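Novice: Take this structure first; my questions come after.
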Amino acid sequence: MATYWHVLFFSLIGGLFSLIGGLILLARKKSTKTFADYATPFAAGALIAAVFLDLLHDGLEEAATSTVLIGALAGILIFFYAERFLHWFHHHHQHDGDPAVSLIVVGDTVHNALDGVAIAAAFLVSIPTGIVTTIAVAAHEIPSEIGDFGLLLSKGMRRSKVLLVNILSALATTAMALLTFALGSSDRLPLGVLLGLSAGFLLYIALSDIIPTIHERAVTNKLFDIRPLLLLLGVLVVAGTIQIAHGYIEVEEDHAQPDTSNEIHGDHTAPDQHRD
């Protein structure tokens, strides 16, 4: 069974891994675009696999089908309207100066917080589910942070400040993960809805943000393009991770738990002296 330490450790991984892309940008600008081009389709595949093979699968085991699917629909709509509001805010306040820096930071922080919800919801089901979701979150955050770092630098923010802002923003993942896990552990949150919401968040990111970017960067004058293969690789890696995590970790947990069935139910086998 997952504990607060599991959530703390893996949510920090999910959040801090998002800074790797930014650090690469600060260190090697020339390799940044190439890295992002290859990491983006892999991240899309990882997210899609985590949604359909893990989050929705476990959600349907925890709650009614309609409950989980409504949660997923709500997650997609919430993310859509959140993005819509941020774009409206940007346009509405253009006459007050350039709010792009604050908009990028706020948007990234909200994004990281929702990642924390997804990680915590997964750990409420099991440790393997939480690990798989963390891997998917980290995979898509790396190319995402490359873009955010680049935008902030292009707006004139100093590199040291960009790094500090993104570290603080990444901590939103851990804060929201711990809060969600605390509420879910006390049965204050319906787990089926929470898993559906998380699936909706990640699915929206993959289908509306990442995959369109892959199509935009497609090489139209070449027959072979490696990006679709990288997307498939992301699916296969996460699918394999799911099998390994659920197969190995759950077996280890079962072996670690003492068998108390006889203590609970009693041994009803008739003693030898009562046999004919």
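The values are calculated or read from the model by the stated rules, or taken from the named source; none is laboratory data. Just so we're clear, the structure is a prediction, and the values are computed from it rather than from any experiment. Every residue, glycine as well, gets a Cβ built from its backbone with ideal geometry; the counts of neighbours run over all protein chains shown. What goes into the accessible areas is simple: the full protein's heavy atoms, side chains included, and nothing from ligands, DNA or RNA. Shrake-Rupley method; radii C 1.70, N 1.55, O 1.52, S 1.80 Å.
Novice: For the range 102-144, which positions are farther than 16 Å from Val193 by Cβ, assigned to a helix (DSSP H, G or I) and of a type in the set (Gly, Ala, Ser)?
Specialist: Ser102, Gly107, Ala113, Gly116, Gly130, Ala136, Ala138, Ala139, Ser144
Novice: Further question: Starting from residues that are open to solvent by 50 Å² or more (accessible area, probe 1.4 Å) and not in a helix (DSSP H, G or I), keep the ones in the range 220-238 and report whichever is modelled with the lowest pLDDT.
Specialist: Asn221
Novice: Looking for something closer than 20 Å to Glu61 by Cα, open to solvent by 40 Å² or more (accessible area, probe 1.4 Å), aliphatic (A, V, I, L, M) and in contact (Cβ under 8 Å) with a residue 40 or more places away in the chain - is there at least one such residue anywhere in the range 193-200? Working first, answer last.
Specialist: So the first thing to find is which residues in the range 193-200 are closer than 20 Å to Glu61 by Cα, and the list is 193-200.
If we keep only those that are open to solvent by 40 Å² or more (accessible area, probe 1.4 Å) too, we end up with 193.
Adding the requirement that they be aliphatic (A, V, I, L, M) leaves 193.
Checking the rest, the ones that are also in contact (Cβ under 8 Å) with a residue 40 or more places away in the chain come to 193.
Yes, the range 193-200 contains a residue that is closer than 20 Å to Glu61 by Cα, open to solvent by 40 Å² or more (accessible area, probe 1.4 Å), aliphatic (A, V, I, L, M) and in contact (Cβ under 8 Å) with a residue 40 or more places away in the chain.
Novice: Can you work out which of the residues in the range 141-178 that are open to solvent by 30 Å² or more (accessible area, probe 1.4 Å) and under 20 Å from the mean Cα position of the chain (by Cα) is nearest to Leu124 (Cα to Cα)?
Specialist: Filtering first and then ranking leaves Leu178.
Novice: Within the range 1-18, which residues are open to solvent by 10 Å² or more (accessible area, probe 1.4 Å) and modelled with pLDDT of 70 or more? Steps first, please.
Specialist: Within the range 1-18, the first condition is being open to solvent by 10 Å² or more (accessible area, probe 1.4 Å), and the residues that meet it are 1-6, 8-10, 12-13, 16-17.
Residues satisfying the conditions are Met1, Ala2, Thr3, Tyr4, Trp5, His6, Leu8, Phe9, Phe10, Leu12, Ile13, Leu16.
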